[in-house]
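The values are calculated or read from the model by the stated rules, or taken from the named source; none is laboratory data. None of these values were measured; they are calculated from a predicted model. Every residue, glycine among them, receives a Cβ derived from its backbone with ideal geometry; neighbour counts consider all protein chains shown. Side chains included, ligands, DNA and RNA excluded: accessible areas come from the protein's heavy atoms. Shrake-Rupley method; radii C 1.70, N 1.55, O 1.52, S 1.80 Å.
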Amino acid sequence: MKAALLNKPAPVSTNPLVVSDVATPTPRSGEILVRVSHCGVCRTDLHIVEGELPQRKSPVIPGHQVIGTIESFGSGSSGGHKFNLGDRVGVAWLHHTDGTCHYCRTGAENLCDHPTFTGYTVDGGYAEFVVADEEFVYAIPPSFTDQQAAPLLCAGIIGFRSLRLADVKPGDRLGFYGFGAAAHLAIQVALHWKAEVYALTRDERHRRLALELGAKWAGDTFDAPPEQLDAAIVFAPAGEIVPVALKILRKGGSVVLGGIHMSPIPSFSYDLLYQERIVRSVANNTRKDGEDFLRIAAEIPIRSHVKLFLLAEANRALNSLKSDAIEGAAVIQVRDT
Ligand SMILES: [Zn+2]
Ligand SMILES: [Zn+2]
């Protein structure tokens, strides 16, 4: 099969992904082989490719927002299957958990002590085929096309979990720092929940998209919005935003950090945190987050703004993401559908 391989992390400007012919993987018991149609491009892919996250597998095929169809089941799979051959499924970041640790047993499998991750510790979807654990893939609501559905699988689900951790209530004023793939989906959920969204981003095109999608206000990253906010979600991987976001929060408000990697957070005065303000991160998601989000996404219905790239253009997709040139989400089209 054709796949985009990362041998060694390097700046994306050096085009480190190499599209190669590799052996099609074989699913084991409990696993499925998925024929990939589309794979969303996530900022986490950029952190993996550029080495901001430590390399866990070499070479590795990135990509964890995969839409495809079930090509085969692993041999030795016993009992019934959740899905049938040919069913459309979504393969997301959480590839597998141990199911036995404290976190798995208490409804927090996103924090599992022994997780594996698609496109990081195991091969992902920048390829014609990917192996997934049948228990960890999602049914995709039929109303979404493949390209529309791909960004829902990480940008969408993580944005949704960020909103949950921000404890959004009707009438709340929410700040979004960075307005890329995750924010452009999360705003649609936030508005559905009758919250107001204030977009703070350095990129003028992203501010325009935020206003088009119904943001109450859009400004530069370090501008002060016209009102105090109830919560802020930081999608941009820039630690210097944290004290700035705290400054615009009401008492008791939360700053939720939506990314897997962030540059160092500068020290700041305790006054910014005092009055019961909260700073918390978002790590991965549970399958329940994913299932709840996909159901709500179909109800709203959410519309993904997508820019398509071919598999051979994977480096270009990552470079475009890094330079803020994507409005909405980048998606790699692996197969003509
Ligand atoms: Zn666990
Ligand atoms: Zn992701």
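Data table
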| read-out | value |
| --- | --- |
| R0 of 41 Å, Cβ-Cβ distance R164-D21: FRET efficiency to nearest 0.05 | 0.45 |
| Whole-Å semi-axes of the chain's equivalent ellipsoid (Cα gyration tensor) | 33, 21, 19 |
| Heavy-atom accessible area order for C39, C104, largest first, 1.4 Å probe | C104, C39 |
| Stretchable slack from S58 to E299, in nm (0.36 nm times residue separation minus alpha-carbon distance) | 82.7 nm |
| The stretch 7-162 shape via C-alpha gyration tensor axes, a/c threshold 1.5 | rounded |
| Rounded FRET efficiency, nearest 0.05, which uses the C-beta distance separating A325 from A224 and R0 of 22 Å | 0.20 |
| Descending semi-axes in Å of the stretch 132-197, equivalent ellipsoid built from Cα gyration tensor | 24, 13, 11 |
| Spacing of the two label points (7 Å from each Cα toward its C-beta) at R28 and H81, in nm | 1.9 |
| Highest average packing first - 63-71, 93-101, Cβ atoms within 10 Å | 63-71, 93-101 |
| Principal axis dimensions, largest first and in whole angstrom, of the stretch 167-245 by Cα | 29, 24, 21 |
| For the stretch 54-123, the spread of Cα positions along each principal axis, largest first, Å | 33, 31, 21 |
| For the stretch 252-334, the Rg and Dmax computed from alpha carbons only, in angstrom | 17.9, 51 |
| The chain: relative contact order as a whole-number percent, Cα under 8 Å and 6+ apart | 20 |
| FRET efficiency, 1/(1 + (r/R0)^6) with R0 56 Å, evaluated for E204 and T100 via beta carbons | 0.70 |
| Length added when fully stretched, A108-Y270, from 0.36 nm per residue minus Cα-Cα | 55.3 nm |
| Mean separation of Cα contacts under 8 Å (6+ apart) over length of the stretch 95-147, as relative contact order % | 29 |
| Cα-only Debye scattering, the stretch 215-274: base-10 log of I(q)/I(0) at q = 0.12, 0.13, 0.25 Å⁻¹ | -0.27, -0.32, -1.19 |
| Lys pairs, the chain - Cα-Cα below 27 angstrom, 8 or more residues apart or on other chains | 22 |
